[in-house]
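The values are calculated or read from the model by the stated rules, or taken from the named source; none is laboratory data. Owing to the predicted nature of the structure, the values given are computational and were not obtained by experimental measurement. FYI the Cβ positions are ideal-geometry reconstructions off the backbone, even for glycines, and counts take in every protein chain you see.
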Amino acid sequence: MQRRNFLQQGILGSAAALVGAQPVFANAANGKVYDKNATKTFTCDYAPHFGMFENNAGKDLIDQLKYMHDQGFRSIEDNGMMDRPVDVQEKIGKELNRLGMRMGVFVIDGGDNWKTSLATGKKEFYDTFVSICTKAVEVSKRVNAKWATVVPGYFERKLPMDIQTAHVIEALRLGAKILEPAGLTMVLEPLSDNPDLFLRTSNQAYMVCKAVNSPSCKILFDLYHMQRNEGDLIVNIDACWDELGYVQIGDNPGRNEPGTGEVNYKNIFQHLHKKGYKGILGMEHGKSKEGKEGELALLQAYREADSFAV
């Protein structure tokens, strides 16, 4: 299972019910459906993924970027950017620049990076990681990316936890030496998908980042994963604040848009805004409904969660 391929689309939808219940949406003459508030940018910098709006925008990546911009988004993220052809990366970078949009995270990934465990201390894994970081720098230049996701891999049961942690720190320091001159920050993501993964909590990621001691090694605080693994989201955000480099979104249960689960995203977005967070909030989740109507429901969910500033 590859880290970048987890996104799932939601199920079910009702066109008549949704359009009738959500008057903020309107049909455009070109067949695309737009939010009436589309000219209004969001207070926070939310970043969709490619594919989130393809029912309204079409399959073409540039058309999707234009549609996202029209809806008020000013950033995107793309886990699989490293796998895209160079000419496609360059085309995306050019359009982002034209639209004045930021590039969020892509995954520093040489395949199934969960299995390339830095916790083992094996030289071949270190070498692979250094090689991937070198390639990631070139990708970042094409799309003007400033952040890239890193997952240290699996827990190594044959080694004490402190030894594993030392191995991870050593590997990340090697990566930081490559990324730092390029202005690219790896953001370490604690995950909840598999209990065998080395990195699981925000306080663990905080300790690792402090030890690496580089501006190119920070925490990716994925609210979905952290709600599942530790809860107490606002308290833990504050505790990790000086090492927090990036935030991602997904409600729990279901890993869909805000408002579909138990997380009070309006309060969290307001808290981040009041603390002065100027970074990207990646929309790393699926949709609770399918089709165009599901995409509109997603837009409405973000308008509602972002309304703390109104």
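Filtering the range 113-145 down to residues that are under 25 Å from E90 (Cα atoms) and in a loop (DSSP other than H, G, I, E, B), which residue is modelled with the lowest pLDDT?
For the range 113-145, the residue satisfying everything is N113.
Which residues, taken from the range 223-250, are loosely packed, with under 14 Cβ neighbours inside 10 Å, of a type in the set (D, E, K, R) and over 13 Å from A205 (Cβ atoms)?
Answer for the range 223-250, where residues must be loosely packed, with under 14 Cβ neighbours inside 10 Å, of a type in the set (D, E, K, R) and over 13 Å from A205 (Cβ atoms): D232, D238.
So, in the range 48-73, how many residues would count as being touching a helix residue (DSSP H, G or I) at 6+ places or on another chain (Cβ under 8 Å) and of a type in the set (K, R)?
Filtering the range 48-73 for residues touching a helix residue (DSSP H, G or I) at 6+ places or on another chain (Cβ under 8 Å) gives 48, 50-58, 61-69, 71.
Keeping just the survivors that are of a type in the set (K, R) gives 66.
Final tally of qualifying residues: 1.
Please go through the range 146-176 and give me each residue that is of a type in the set (S, T, N, Q) and either farther than 26 Å from Q248 by Cβ or not in a helix (DSSP H, G or I) (or both), ordered by number.
T149
Just checking, does the range 168-191 include any residue being loosely packed, with under 15 Cβ neighbours inside 10 Å and either small (G, A, S) or farther than 21 Å from Y126 by Cβ (or both)?
Yes, some residue in the range 168-191 is loosely packed, with under 15 Cβ neighbours inside 10 Å and either small (G, A, S) or farther than 21 Å from Y126 by Cβ (or both).
Looking at (1) touching a helix residue (DSSP H, G or I) at 6+ places or on another chain (Cβ under 6 Å); (2) at pLDDT 95 or above, can you tell me which one L96 breaks?
(1)
Can you pull out the residues in the range 155-165 that are surrounded by fewer than 19 Cβ atoms within 10 Å (Cβ to Cβ) and either polar (S, T, N, Q) or free of Cβ contacts under 8 Å to residues at least 40 places away in the same chain (or both)?
Of everything in the range 155-165, those that are surrounded by fewer than 19 Cβ atoms within 10 Å (Cβ to Cβ) and either polar (S, T, N, Q) or free of Cβ contacts under 8 Å to residues at least 40 places away in the same chain (or both) turn out to be R157, K158, P160, M161, D162.
Is it true that G104 is crowded, with 18+ Cβ neighbours inside 10 Å and closer than 30 Å to T41 by Cβ?
The answer is yes for G104.
If a residue has to be in a loop (DSSP other than H, G, I, E, B), touching a residue at least 60 places away in the same chain (Cβ under 8 Å) and surrounded by 17 or more Cβ atoms within 10 Å (Cβ to Cβ) to count, how many in the range 192-222 make the cut?
Residues in the range 192-222 being in a loop (DSSP other than H, G, I, E, B), touching a residue at least 60 places away in the same chain (Cβ under 8 Å) and surrounded by 17 or more Cβ atoms within 10 Å (Cβ to Cβ): 1 in total.
Need pairs with beta-carbon distance below 6 Å; first residue in the same structural domain as N144 (by TED's automatic domain parsing) and within the range 93-106, second assigned to a strand (DSSP E or B) and of a type in the set (S, T, N, Q); sequence gap 6+ or separate chains.
Short answer, once both residue conditions are applied: M101/S75; R102/S75; G104/S75; V105/T149.
In this structure, does Q71 turn out to be free of Cβ contacts under 8 Å to residues at least 40 places away in the same chain, among the polar types (S, T, N, Q) and either surrounded by fewer than 19 Cβ atoms within 10 Å (Cβ to Cβ) or out of contact with any Pro (no Cβ under 7 Å at 6 or more places or on another chain) (or both)?
It is false that Q71 is free of Cβ contacts under 8 Å to residues at least 40 places away in the same chain, among the polar types (S, T, N, Q) and either surrounded by fewer than 19 Cβ atoms within 10 Å (Cβ to Cβ) or out of contact with any Pro (no Cβ under 7 Å at 6 or more places or on another chain) (or both).
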